[in-house]
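Beneath this line is the structure, given in structure tokens, with notes to follow.
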Amino acid sequence: MAKILVVDDEPAITIALAKKLRRDGYECVTASSGEEALGRLASDSLDLVISDVRMPGMSGIELLKEIKGRNASVSVIVMSAYTDINFAIEALRGRADDFLLKPFNLDDFSVSVARALENRRPLTDGSAQSGTTLQIPRDGAASAELLSRQAIAALAAAVESRDGRPHEHQSRVVRCALAMGTALGLGKEALRGVWLGAVLHDVGMLSVPEAVLSKAGGLSPDDWGLIQHHPSSGARIVTGVEFLEPALSGILHHHERWDGSGYPACLSGEQISIEGRVVAVADAFAAMLSERPYRGARSESEAVRELEHCAGAQFDMTVVKAFQTARAKGYPVGDSELASPDWLAE
């Protein structure tokens with residue numbers, strides 16, 4: 001039976017999560033601080049630690065790093081009620097197995113726990129290293145990506161929850177982008193960049209104040225300036241996270257325009273990466289289908305006509321043609337490929 005430690009300074013949360021975990025068949029203990037959790041780690045044989053981020057004294061991120069430094073075979077799920085991107089990125093860099101945004105559905109919580117325990121198995125197979133600490137294998141980037149896909153999804157969900165887009169926006173962008181990349185004949189490396197870029201294209205929006213994102217009227221010049229910085233902010237977020245760096249081009253270039261009038265760098269034509277050109281079309285199409293505070297949703301036929309009208313000016317005409325090819329085939333990308341594209345693994 002797996003033994004799980006829940007760490008949170010709010011007793012109601014530890015009680016509720018412990019009750020759920022015991023109902024799911026796990027042994028569960030609790031702690032109210034990071035320092036108490038480390039004491040538990042020293043005396044108990046733990047399989048998984050679930051920790052809040054903001055706690056008095058040691059933070060959940062500090063606890064994560066301390067746990068992974070002592071024993072990398074212990075899985076860690078970080079949870080937070082705050083959509084501060086720095087928490088999520090620090091959790092990724094600290095090799096968290098998942099990042100959950102409060103409030104979360106308890107059924108989703110159970111899935112996350114089961115996945116984290118399952119992902120723990122490769123780290124506990126084989127020979128033990130010196131001492132009690134097991135090291136991540138040398139293909140650390142691949143291992144980290146496997147363990148952090150749900151955290152990537154959490155970042156994307158955080159963006160959608162803040163700016164009012166429906167949940168299907170991100171999956172629609174990813175589906176269209178992958179289908180277009182396939183129609184263009186992109187290789188595995190470029191497709192991997194397209195996938196990550198599509199998932200995280202608007203992650204920089206987490207740096208934009210929520211009051212700006214929810215405005216029902218037009219944006220002021222200052223507001224628009226904040227919006228135009230989000231590709232650069234997103235690029236800074238993923239820089240230095242090795243397995244996320246293939247997303248850089250898609251994030252940074254998805255608001256550049258073929259005619260050079262886009263942002264943030266006013267690139268034109270083939271100066272814009274193919275990943276950025278593909279994500280731009282997918283994002284524009286998905287955005288037109290969604291109702292926003294400042295406008296209504298368009299029909300699919302209207303959105304398609306707009307893409308065709310803007311081909312050669314806003315969008316690469318070749319990419320728009322690939323969109324038309326993919327649409328005619330019904331965007332043949334499976335759900336498993338959207339969330340966990342093992343077929344893109346190196």
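The values are calculated or read from the model by the stated rules, or taken from the named source; none is laboratory data. Since we're looking at a predicted model, the values are computed, not measured. Note: ideal-geometry Cβ built from the backbone for every residue, glycine included; neighbour counts use all protein chains shown.
The table for this structure:
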{"item": "Members of the stretch 261-271 that are part of a loop (DSSP other than H, G, I, E, B) and more than 22 Å from V304 (Cα to Cα)", "result": "Y263, P264, A265, C266, L267, S268"}
{"item": "Number of positions in the stretch 14-36 that are in contact (Cβ under 8 Å) with a residue 60 or more places away in the chain and buried (at least 18 other Cβ atoms within 10 Å of the Cβ)", "result": "3"}
{"item": "Within the stretch 238-273, tally of residues that are in contact with a Ser or Thr (Cβ under 8 Å, 6 or more places away or on another chain) and not small (G, A, S)", "result": "10"}
{"item": "Condition check for S220: surrounded by fewer than 16 Cβ atoms within 10 Å (Cβ to Cβ) and in contact (Cβ under 8 Å) with a residue 60 or more places away in the chain", "result": "no"}
{"item": "Meets criteria (among the hydroxyl-bearing types (S, T, Y), modelled with pLDDT under 95, more than 22 Å from S171 (Cα to Cα) and in the same structural domain as A190 (by TED's automatic domain parsing)) for Y294", "result": "yes"}
{"item": "Residues of the stretch 233-270 classified as modelled with pLDDT under 95 and hydroxyl-bearing (S, T, Y), total", "result": "2"}
{"item": "Residue that is aliphatic (A, V, I, L, M), in the same structural domain as Q324 (by TED's automatic domain parsing) and touching a residue at least 60 places away in the same chain (Cβ under 8 Å), where the choices are A247, A235, A286", "result": "A286"}
{"item": "Single residue of the stretch 37-61 satisfying the filter (buried (at least 18 other Cβ atoms within 10 Å of the Cβ) and charged (D, E, K, R)) that is nearest to A12 (Cα to Cα)", "result": "D52"}
{"item": "Tabulated pairs, the stretch 191-216, first closer than 16 Å to S171 by Cβ, second basic (K, R), C-beta under 9 angstrom, 6+ apart or interchain", "result": "A198/R175; D202/R165"}
{"item": "Enumerated strands (runs of 3 or more DSSP E) restricted to the stretch 40-117, each holding at least 3 residues that are modelled with pLDDT of 90 or more", "result": "48-52, 75-80"}
